[in-house]
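Working notes, structure below.
FYI, it's all coordinate maths here, none of it is from the lab. Values in this document were obtained by computation on a predicted structure and should not be read as measured data. Here the Cβ positions follow ideal geometry from the backbone for every residue, glycine too, while neighbour counts run over all protein chains shown.
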Amino acid sequence: MNYYAVFDVGGSAIKYSLMDEAGSFIQKSSVPTPKGGIESLVNAIVSVVEEFQGSHELSGIALSMPGAVDVETGYIKGITAVPYIHGPNIKELLQERTNLVVELENDANCAGLAEGWIGAAKGIDDYICIVIGTGIGGALVLDKKVRHGRNLFAGEYGYMILEDYFDQPIGETWSSLAATFGLVMQVAKRKNMDPDTLDGLKVFQMADAGDLEVQDEIEKFIKRLAVGIYNLQYMIDPEKILIGGAISKRDGLIDKINDKLKLMKPNEACLDIQVYPCQFGNDSNLIGALYHFLQRRK
């Protein structure tokens, strides 16, 4: 059995685990993401690797990282909550420090790969994974492989322009209207509240308590999600569309999205559009990072 050190680097924490080649967790924990710079991040990862090597022989290091990850070179483009990862080559730095093979992939792509490996898209060749959080991102998987695109932006569904494109140069994007933060902003505007006093949980609590204005905004939010999903189905026509992110776990939300999609179906269309929940939650990036490593090392 081969063993791997697997890391999910986020803006506030680094989740890490010792995993075997079947995707099973042997050991799992987390540490705060260092604020000092790339050297402090490398030191934190190396420290965990050395800890794992005290009990297991490692076959490599797998990383889930934010940003536009170039899986070939190891460089990370774009802007993220961990700014110091853009510029240095973390893949080369870790390989030099550990003498282990290192592979890295974008976090949303890792989430998608996890579902295709042992999750809700297992056995499916072509699927879309949509992750709803502060923004909307995800993975586009065709023939069981992540598609990155020329500029590494494949799967950045949240940049789709959805509304108000006549009144401003770009308009409102899918993220600005249908991500959790977008919902919060729409409710804050409707209720004349400071958005910093709200989050997704509070918004749904207000709706559950009978606030009709908030209920109306949630209905718009669900319809906007359905519109984006409808467009993606007709553009790509995947076998399956999955939704992840904390808000996707809310009881009844995916059923309501599917109800909207049924109402949107043209009479002449033979295409039934339906979305399904992702199987994995907080562990998805770790599982997907390991699967990406195994794919690259085949």
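Descriptive notes on the structure:
- Dimensions (Å) - region 157-298, Cα atoms, principal axes, largest first: 55, 40, 34
- By other beta-carbon atoms within 10 Å, ranking His56, His148 with the fewest at the front produces His56, His148.
- Convex hull volume of the Cα atoms of region 194-234, normalised per residue: 79 Å³.
- Full-stretch length increase - Lys220, Gln205 - with 0.36 nm per residue and alpha-carbon distance subtracted: 3.7 nm
- Amide H partners (placed H, <5 Å) of Gly133, local residues excluded: Thr180
- Kirkwood hydrodynamic radius over Cα pairs of region 77-119, then Stokes diffusion coefficient at 4 °C and 1.567 mPa s, in µm²/s: 105 µm²/s
- When the Gaussian network model of the chain links Cα atoms closer than 10 Å, the mean-square fluctuations of Gln205, Gln215, Gln233 top out at Gln205.
- Dipole-positive endmost among Asn2, Ile45, Ser30 within region 1-68 (Cβ charges, Cα centre): Ser30
- As a proxy for reagent exposure, Met19, Met1 were ordered by neighbouring Cβ count within 10 angstrom, fewest first; the result is Met1, Met19.
- With eigenvalues of the C-alpha gyration tensor scaled by 5 and rooted, region 123-231, Å: 29, 16, 12
- Which listed pairs, of Lys145/Lys265; Lys220/Lys249; Lys202/Lys223, have C-alpha distances above 22 Å, in listed order: Lys145/Lys265
- Per DSSP, loop chymotrypsin sites (Phe, Trp or Tyr not before Pro) in region 136-174 with at most 15 further Cβ within 10 Å: Phe153, Tyr165, Phe166
- Cleavage-rule hits, chymotrypsin sites (Phe, Trp or Tyr not before Pro), region 43-132, DSSP coil, Cβ neighbours within 10 Å at most 16: none
- Straight-distance crosslink candidates among lysines, where the alpha carbon sits under 18 Å from Lys15 and sequence neighbours closer than 8 are dropped: Lys28, Lys35, Lys91
- With Cα atoms, 0 to 90° folded angle of helix 38-53 axis to the chain main axis: 70 degrees
- Convex hull volume of the Cα atoms of the chain, normalised per residue: 151 Å³.
- Cβ-Cβ distance of Ser55 and Glu239, R₀ of 30 Å, FRET efficiency by 1/(1 + (r/R0)^6): the value works out to about 0.15.
- Note on region 173-234: dipole from Cβ charges, positive end direction compared against Gly200, Leu212, Gln186; the farthest Cα belongs to Gln186.
- Residues with amide H under 5 Å from that of Ile243, placed H, sequence gap 5 or more: Ile130, Tyr276, Cys278
- Taking Gly158, Gly74, Gly252 in turn, the Gaussian network model of the chain (Cα-Cα springs below 10 Å) assigns the largest fluctuation to Gly252.
- Karplus-derived 3J(HN,Hα) values for region 155-162, using 6.51 cos²θ - 1.76 cosθ + 1.60 with θ = phi - 60°, are x, 7, 4, x, 7, 4, 7, 10 Hz; glycine and proline are entered as x.
- Potential lengthening between Arg297 and Asp255 on full extension [0.36 nm per residue; Cα-Cα distance subtracted]: 11.2 nm
- Only Lys, Arg, Asp and Glu carry charge here, each on its Cβ (+1 for the first two, -1 for the last two); on that basis region 171-298 has a dipole of about 500 debye about its Cα centre.
- Paired Rg and Dmax values of region 14-59, which use every Cα atom, in angstrom: 11.6, 35
- For the chain, the Cβ-based charge dipole about the Cα centre amounts to some 140 debye (Lys, Arg positive; Asp, Glu negative; other atoms uncharged).
- Choice from Ile247, Ile170, Ile136 showing the highest fluctuation, given a GNM over the chain with Cα pairs closer than 10 Å: Ile170
- For the pair Tyr165 and Lys144, the difference between a 0.36 nm per residue extended length and the Cα-Cα distance amounts to 4.1 nm.
- Computed helical MRE - 222 nm, the chain, DSSP H runs ≥ 4 contributing -39500 (n - 2.57), nearest 500: -12000 deg cm²/dmol
- Nitroxide proxy distance, nm - points 7 Å out along Cα→Cβ at Met1 and Ser30: 2.5 nm
- Counting DSSP beta bridges with both ends in the chain, the antiparallel % (nearest 5): 60 percent
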